[in-house]
1. When you scan segment 64-102, how many residues do you find that are at pLDDT 95 or above and of a type in the set (Lys, Arg)?
2. Mind checking which pairs have a first residue in segment 38-58 that is farther than 16 Å from Phe20 by Cβ and a second that is open to solvent by less than 50 Å² (accessible area, probe 1.4 Å) and aromatic (Phe, Trp, Tyr), Cβ under 8 Å, 6 or more apart or different chains?
3. Restricting to segment 159-183, count the residues that are assigned to a helix (DSSP H, G or I) and open to solvent by less than 20 Å² (accessible area, probe 1.4 Å).
4. Within segment 226-236, is there a residue that is closer than 30 Å to Arg160 by Cα, in contact (Cβ under 8 Å) with a residue 24 or more places away in the chain and either surrounded by fewer than 18 Cβ atoms within 10 Å (Cβ to Cβ) or more than 21 Å from the chain's Cα centre (by Cα) (or both)?
5. When segment 166-183 is examined, which residues are found to be farther than 17 Å from Asp257 by Cβ, among the aliphatic types (A, V, I, L, M) and touching an Asp or Glu at 6+ places or on another chain (Cβ under 9 Å)?
6. Going through Val251, Val238, Val224 one at a time, which residue ends up being within 18 Å of Pro314 (Cβ to Cβ), of a type outside the set (S, T, N, Q) and part of a strand (DSSP E or B)?
7. Please find, within segment 22-41, the residue that is surrounded by the most Cβ atoms within 10 Å (Cβ to Cβ) out of those that are modelled with pLDDT of 95 or more and over 14 Å from Ser358 (Cα atoms).
8. Considering only residues of segment 198-227 that are closer than 20 Å to Gln285 by Cα and among the hydroxyl-bearing types (Ser, Thr, Tyr), which is modelled with the lowest pLDDT?
Amino acid sequence: MDRTVCIIGTRGYPSYYGGFETLVRHLAPYLVDEGWRVVVYGRPHDVDRLDPYRDRRVESVMTAGVDRKSLSTITYGFSSSLHSALSVRPDVALVMNVANGFWLPVLRARGIPTLVNVDGVEWEREKWGTVARRVFRAGATATARYATELIYDSEALAERWSVMSGRVGTYIPYGGVFRTRGTVPLGLTSGGYVLMVARFVPENTIEPFLDAAAVLSRDWPVVVVGSSGYGGPLEARVAQLARDHANITWVGHVHDDNVLFGLWEHAGAYFHGHSVGGTNPALVQAMACGSPVVARDTPYNREVLGDTAIFVNPDPSSIAEGLDVLMRDERLRQCLGSSARTRAETSFTWPGVCAAYSTALSNGVLGTTRAQNRV
């Protein structure tokens, strides 16, 4: 084992919080198999050390930070970057999220090349206040200046960054898990319910969907998966809707992939309302599960889905109409679900994604070695 990579900026390994964590659960063991020593930094309260699927060969390091929505990423990113630079001295660092762009000079000063997955356009997310948006925008500027290489999870995002910063980078999307169809979870009827899976933040079109759900629930069961992670008004509203409407079920955050995949596999229609960012991991997994998709019309969602979905505007009537049309047309559901799965099998697989990261990391190490040899 002659190469070391530190992964900085996620909630850790193994963790089930979001897209970055899903990526790390697939990527870290893959890199170990490829001969890397892998060190993943995380947050003590977000790592499941007893997870039976945990690969013990992956080193998990917990650092200190402030567990608040506006401060967690940047504070844990600082402590992780400092520990990596001073204690581990890896051959290369994979850094997630532009908020950690501020700490790239710490790694650079120790001669550590950095690959930064820029994620989405964080400074446009409605969940952040003015100060946080300015911090993320400044972090993006620092990332463009100090990162050795940038990684984009969508072509549309790459184009935006090229215009914004003049930097090109490497396109690596997310992957999906493909499996034989499982059983119908939660006592539901296959093909008989509307599903939404999302973090409860405004840019995921949560409130318009909830308005649509109140209407749709007159004819169809509606299942809502997700939470904010911090409580708040959106969680309170979903809880109230579930109490007021017998046909609306809120199951919170689902940790068990078998249950979550089953929900996607048997949904009559899945609503994807994400509007800020590139390739969304939940959308890719929904496609891998053959879920018929109704998606908010954005360049990112169109890039991923192509012609395999119904696209709607982010208002309750458009969302409700699109989902109702799909729920009433079994042939359309089968057509869209099948074509979405085929598209995912062609373009969004974890082996392909992990191989691309391994190549990018190796190129980062090789580039630094060549530079040192020239000196």
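1. Summing the residues that are at pLDDT 95 or above and of a type in the set (Lys, Arg) in segment 64-102 gives 1.
2. As it stands, the answer is Arg54/Tyr13, since those pairs meet every condition given.
3. Qualifying residue count for the region: 1.
4. Yes, segment 226-236 contains a residue that is closer than 30 Å to Arg160 by Cα, in contact (Cβ under 8 Å) with a residue 24 or more places away in the chain and either surrounded by fewer than 18 Cβ atoms within 10 Å (Cβ to Cβ) or more than 21 Å from the chain's Cα centre (by Cα) (or both).
5. Within segment 166-183, Ile172 is the sole residue that qualifies.
6. Val224
7. The selected residue is Tyr41.
8. Filtering segment 198-227 for residues that are closer than 20 Å to Gln285 by Cα and among the hydroxyl-bearing types (Ser, Thr, Tyr), the one modelled with the lowest pLDDT comes out as Ser227.
The values are calculated or read from the model by the stated rules, or taken from the named source; none is laboratory data. Since this is a predicted model, take the numbers as computed values, not measurements. Reconstructed Cβ throughout: ideal geometry from the backbone, glycine too, with neighbour counts over all protein chains shown. Keep in mind that these areas ignore ligands, DNA and RNA; they rest on the heavy atoms of the full protein, side chains included. Shrake-Rupley method; radii C 1.70, N 1.55, O 1.52, S 1.80 Å.
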